[in-house]
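First comes the structure, then the notes that go with it.
The values are calculated or read from the model by the stated rules, or taken from the named source; none is laboratory data. Because the structure is predicted, anything quoted here is derived from the model rather than measured. With ideal geometry, Cβ positions are generated from the backbone for all residues, glycine too; neighbour counts draw on all protein chains shown.
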Amino acid sequence: MLTKLKLHVAEKIKGELGLTVDEVVPLMETPKQLDHGHLAMPVFFLAKTLKKAPPLIAKELSEKIKGLQLPGLLSVTPVNGYINFQFSDKHLQDLLLEAVRTEGDRLGHSSLGAGKTVVIDFSSPNVAKPMHIGHLRATVIGQAICNLARSQGYNVIGINHLGDWGVQFGKLAYAYQKWGSEYPFATEPFESLYKLYVRFHDEAELDPEIEKEGSLMFKRLEDGDEGIADLWRMFVDVSMQDYNRLWAMLGVKHELVRGESFYNDRLKAVEDRLQKLGLLEESEGAVVVKLDDADMPPCLIRKSDGASLYATRDLASAIYRKEELGADLNLYVVGAEQTLHFKQVFKVLEKMGYEWAKDCHHVSFGMYRFKDVGKMSSRKGNVIFLEDVLRRAIDMVKEVIESKNPDLDDKDEVAKKVGVGAIVFNDLINDRVKNVDFDWDRVLDFEGDSGPYVQYVCVRCESILRKYGKAVPPSMPVDLDSSEERELVKILLSYPEILNVAFKGFKPNVLAHYLLDVCRAFNHFYHKCRVLGVEPEVEAARIALVSATLAVLKNGLKLLNIETPKAM
Ligand code: ARG
């Protein structure tokens, strides 16, 4: 698409600029306004060597470039320090159709990341606790970034850094042995486990001795007690079954599960290395790495009772990801409340002499704020469960379908796709670092900036194509020259750039906003230009545009991990 156009132009003008194609392409810009041309080449960088003012350089170069044969080129115009290129509508429209026809599922994707591996730690829940609304963000943002990374050609390893180790497992084992028989583990294992967890904390408030018993149990687990290890395995299995069910609902998949326990026998090596480098210090009985020079509190490596810590495991896991998985980029999609933790871990890695510490990034995100918590169907304590939010969305969509389109086929399937899609889109549309006001009216507003709105435009495109009933033309039979058509073409052509920008900033919201822009441009076009029943050539050309719109929207939604129903 536009990338292709840039390549063509770069190939032709590289000689005039004294640069290589690879140097020219990233310099080229795509002007926001259509009348500034389709591509713009800034020439400021030449001012020093040529000892001339940029506007003059742009003027002289434009004259030379005009003489070059560039297919589809209409005009070359110097504007201040830029050279603007304008192409014929037909040329651009054919470029778009060709991409849609030949690139298929990889429409707009690139191979910039080819040969490189990115490891993405996302949606890593804590065993025995149901995923809550905070995990929704970690899950959908993480999966979208995995998809975007794949769209850029990276080898992607999504990791579940399952919270499956720590003193809470001693507490759970204690609770299970003491009260386990009171709960229906055979029929409702995960609910029972969670209830036991809550029960332990309630009982411990009345009798602090119980805390100690829990810690003792954990010590036995760490020391290799087989009986307790069996219980621990059962807790993990039961929890994973529940998480897997939710991930399936969201279409989420990890390549690897590497829980915290995976690093148990790698922690000693980390400590030894820290010791050897003289980085360890004693502090109130605990072992720490001091980070005063970086203006941070010390990073705790080992507690006074000998138990290892979250941070130590994260040091071991980062080393594992680099040395054994070959991570060129190591991402942690985790809430902003863990910012200090990751800063400390990355700093310690740097102190350990790992130059790749700079390739570790905390992809942080803000919290949800609920305007109307009372609307939630089931809310236990202060926790809002992820599943309840999804179920409520699906139920609400079902109600809408029942009242507006009761004869729809596969109502349940559609309600699931639209309900889940609405929740996912509502999350991803936000700049991830900000807190999000969760507002049900907005989530499900079929006409607003919502997932259902984008899905609805897809459904409309599908229906137009169905009614047309003939094959989509491979190239434009005529030029489409209204401003609405040209604007839509231009937006569609910028899709590959959007994917690139969205991945580079780890910002799925760039793609989500873009899809809304496409929908708006499509609606302008659709209201202004009649598609079916006009002169056959114009009809075919507009059908081609509808099909290109659908291809981009579907591809984009898929990268955001949102399904598109055929009808709704
Ligand atoms: N289990 C943690 C939580 O739910 C998230 C783990 C994030 N990943 C990591 N490598 N620390 O808060």
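What the table below lists for this structure:
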| item | result |
| --- | --- |
| Residue in the stretch 220-238 that is surrounded by 12 or more Cβ atoms within 10 Å (Cβ to Cβ), at pLDDT below 95, of a type in the set (Asp, Glu) and away from the ligand (no atom under 16 Å from the Cβ) present | yes |
| Among residues of the stretch 459-493, those that are closer than 30 Å to GLN86 by Cα and assigned to a helix (DSSP H, G or I), counted | 12 |
| Residue among SER110, SER192 that is among the hydroxyl-bearing types (Ser, Thr, Tyr), without any contact (Cβ under 8 Å) to a residue 24 or more places away in the chain and away from the ligand (no atom under 12 Å from the Cβ) | SER192 |
| Odd one out for ASP449, checked against (1) out of contact with any strand residue (DSSP E or B) (no Cβ under 8 Å at 6 or more places or on another chain); (2) assigned to a helix (DSSP H, G or I); (3) within 30 Å of ARG137 (Cα to Cα) | (2) |
| Residue in the stretch 74-94 that is assigned to a helix (DSSP H, G or I) and within 16 Å of the ligand (Cβ to nearest atom) present | no |
| Residue count for the stretch 261-304, restricted to those that are more than 16 Å from the ligand (Cβ to nearest atom) and assigned to a strand (DSSP E or B) | 9 |
| Selected residue (criterion: farthest from the ligand (Cβ to nearest atom)) from residues of the stretch 157-175 that are β-branched (Val, Ile, Thr) and at pLDDT 95 or above | ILE157 |
| Hey, TYR154 away from the ligand (no atom under 16 Å from the Cβ), surrounded by 21 or more Cβ atoms within 10 Å (Cβ to Cβ) and touching a residue at least 60 places away in the same chain (Cβ under 8 Å) or not | yes |
| Among (1) buried (at least 16 other Cβ atoms within 10 Å of the Cβ); (2) within 34 Å of the chain's Cα centre (by Cα); (3) charged (D, E, K, R) - the single one ASP265 does not satisfy | (1) |
| Failed criterion for ALA149 (all others in (1) without any contact (Cβ under 8 Å) to a residue 40 or more places away in the chain; (2) of a type in the set (Gly, Ala, Ser); (3) in contact with a helix residue (DSSP H, G or I) (Cβ under 7 Å, 6 or more places away or on another chain) hold) | (1) |
| Selection status of VAL400, at pLDDT 95 or above, out of contact with any strand residue (DSSP E or B) (no Cβ under 9 Å at 6 or more places or on another chain), of a type in the set (A, V, I, L, M) and assigned to a helix (DSSP H, G or I) | no |
| Which numbered condition GLY104 fails, given (1) on the phi > 0 side of the Ramachandran plot; (2) within 16 Å of the ligand (Cβ to nearest atom) | (2) |
| Test result for ALA186, in a helix (DSSP H, G or I) and small (Gly, Ala, Ser) | no |
| Residue that is farthest from the ligand (Cβ to nearest atom) [pool: residues in the stretch 305-349 that are closer than 21 Å to LEU277 by Cα and in a loop (DSSP other than H, G, I, E, B)] | GLY306 |
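Matching residues to (1) assigned to a loop (DSSP other than H, G, I, E, B); (2) at pLDDT 95 or above; (3) more than 16 Å from the ligand (Cβ to nearest atom):
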{"residue": "GLY353", "(1), (2), (3)": "yes, yes, yes"}
{"residue": "HIS361", "(1), (2), (3)": "no, yes, no"}
{"residue": "ARG392", "(1), (2), (3)": "no, no, yes"}
{"residue": "LYS417", "(1), (2), (3)": "no, yes, yes"}
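For (1) closer than 25 Å to LEU96 by Cβ; (2) without any contact (Cβ under 8 Å) to a residue 60 or more places away in the chain; (3) not aliphatic (A, V, I, L, M), each residue gets a yes or a no:
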{"site": "HIS8", "(1), (2), (3)": "yes, no, yes"}
{"site": "LEU17", "(1), (2), (3)": "no, yes, no"}
{"site": "LEU34", "(1), (2), (3)": "yes, no, no"}
{"site": "LEU39", "(1), (2), (3)": "yes, yes, no"}
{"site": "LYS51", "(1), (2), (3)": "no, yes, yes"}
